[in-house]
Amino acid sequence: MATKKPGLMCSMCGTVDSAANPVVTVLDGLNLCTDCIKFIDDTRDRQLASRGKATKKKANEEVSSVPTPREIKEFLDQYIIGQEEAKKYLSVAVYNHYKRINQSASDDDVDIEKSNIILVGPTGTGKTLLAKTIARLLNVPFAIVDATVLTEAGYVGEDIESLLTRLLQNCDYDVEKAEKGIVFIDEIDKIARKSDNPSITRDVSGEGVQQGLLKLLEGSTVLVPPNGGRKHPEQKMIAVDTKNILFICGGAFDGIERKIASRLNTHVVGYGHDESARKKQRENLMRYVMPQDLKSFGLIPEIIGRLPILTSLEPLDKKALRKILTEPKNAIVRQYKKLFLLDGVELEFTDDALDLIVDKAVEYKLGARGLRSIVETIMVDAMYEVPSDPVKKFTVDAQYVQKQLEKAHFEKTTISDN
């Protein structure tokens, strides 16, 4: 602790101790007057402030170096097979969003509004993967949240504001960084209004959630609980401005094809003279989705208006599923080959085996996500035995695939009466 002694002289400026400018001993042999201490404090504060500005500038430069839409799509092509239209829409929307954030102040009074995105498509077509891959490319905070757990404030479940808690946690509660992040709201179709007449019962997990989402999607300052909603009522709230947060919503919207068919005056069910043509038309209906179809499904007009970019993902056919198995950087087959290689074993899949896996995924309508569950079912015995066996190569053929699926009761079976 600094002590004051009579007759001291400042080691920096040579000032003698006086009532107007006292000199204190900071360390043995180091005496400082009040003016010099103030000078040191001011210098320290300026340097810390300049470091903060440099860090902020660096963060802004990272966001400002956003690749072009073509470069974004080329990056997505490395991880996602097909879905060309969805990738193009998403690339343009993300590029424009971060171009809007980095725009310099202008005098033309033109305020570019945020363009949130909604992806519509069957399960397993790549909605979540698209959002995750975009976030990986841009190196910005990214959070996936599930809309099914949300309820209107005051009811059991998660509050709307808890959507941003995950985003804050992913960037160590750096508010400035979080305010330029991406939030992917999955299962947005599950909060559709349950009835056209909201006066029957209060729809707290449907329409109530949609109304609560409006302020987040449009852009406003929201008080976010850093540790979750009602679990820690004493916690201090964090103010987050959602004006520059990009929201990507995704949902399967199961059954919306009937809404689209009704609008297009197309028969979805019933008998026709050309069954194959009718089936093909039915499968391609999702590409004609329009905002009015989302309204018919149960989304309120206000939330549809705050999701101006609407695009659909196509169902995956056999050709696309076959490519998904082997071609992307993180393809399922490549993952298992690497797992076996870590044990010093070379894993090989024959073409017949891959074709059979794809056939089963199409048969059970599992989508790309289902490919993983099928391969896991096939490989579980091999992954159990191979690390203990002195083998250097393991080959998976169609016969092995069929045998493993039957063993796991994955095949459709009929139980006959005795």
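For this structure, a couple of remarks:
- Scanning region 244-282 for residues that are within 33 Å of the chain's Cα centre (by Cα) and over 20 Å from LEU313 (Cβ atoms), we see that the one that is modelled with the lowest pLDDT is SER262.
- Unique match (being surrounded by 16 or more Cβ atoms within 10 Å (Cβ to Cβ), modelled with pLDDT under 90 and within 25 Å of LEU342 (Cα to Cα)) among VAL386, VAL401: VAL386
- The residues of region 349-385 that are within 19 Å of HIS409 (Cβ to Cβ), out of contact with any helix residue (DSSP H, G or I) (no Cβ under 6 Å at 6 or more places or on another chain) and either assigned to a loop (DSSP other than H, G, I, E, B) or of a type outside the set (A, V, I, L, M, F, W, C) (or both), listed by number, are ASP359, GLU363, TYR364, LYS365, LEU366, SER373, GLU376, THR377, ASP381, TYR384.
- Residue that is farthest from VAL289 (Cα to Cα) [pool: residues in region 109-134 that are open to solvent by less than 10 Å² (accessible area, probe 1.4 Å) and in contact with a strand residue (DSSP E or B) (Cβ under 6 Å, 6 or more places away or on another chain)]: ALA131
- Filter result for ARG334 (open to solvent by 30 Å² or more (accessible area, probe 1.4 Å) and within 27 Å of ILE118 (Cα to Cα)): no
- Matching residues, region 167-181, being part of a helix (DSSP H, G or I) and surrounded by 17 or more Cβ atoms within 10 Å (Cβ to Cβ): LEU167, LEU168, ASN170, LYS177, ALA178
- Selection of region 386-398 for residues being touching a strand residue (DSSP E or B) at 6+ places or on another chain (Cβ under 9 Å) and assigned to a helix (DSSP H, G or I) yields only VAL386.
- Count - residues of region 26-40 that are open to solvent by less than 100 Å² (accessible area, probe 1.4 Å) and at pLDDT below 85: 2
- Within the set LEU285, LEU294, LEU307, LEU321, the sole residue that is under 30 Å from ASP359 (Cα atoms) and modelled with pLDDT of 85 or more turns out to be LEU321.
- Taking each residue of region 332-359 that is in contact (Cβ under 8 Å) with a residue 12 or more places away in the chain and looking for partners that are among the basic types (Lys, Arg) with beta-carbon atoms closer than 6 Å, six or more apart or interchain, yields ILE332/ARG372; GLU346/LYS393; LEU347/LYS337; VAL358/LYS318; VAL358/ARG322.
- Count - residues of region 339-366 that are of a type in the set (A, V, I, L, M), farther than 30 Å from SER388 by Cβ and surrounded by fewer than 13 Cβ atoms within 10 Å (Cβ to Cβ): 0
- Residue in region 78-101 that is of a type outside the set (A, V, I, L, M, F, W, C), out of contact with any strand residue (DSSP E or B) (no Cβ under 9 Å at 6 or more places or on another chain), modelled with pLDDT under 75 and outside any helix (DSSP H, G or I) present: no
The values are calculated or read from the model by the stated rules, or taken from the named source; none is laboratory data. Predicted model, so just to flag it, every value in this text is computed and none were measured. Cβ: placed from backbone, ideal geometry, glycine included. Neighbour counts: every protein chain shown. Side chains included, ligands, DNA and RNA excluded: accessible areas come from the protein's heavy atoms. Shrake-Rupley method; radii C 1.70, N 1.55, O 1.52, S 1.80 Å.
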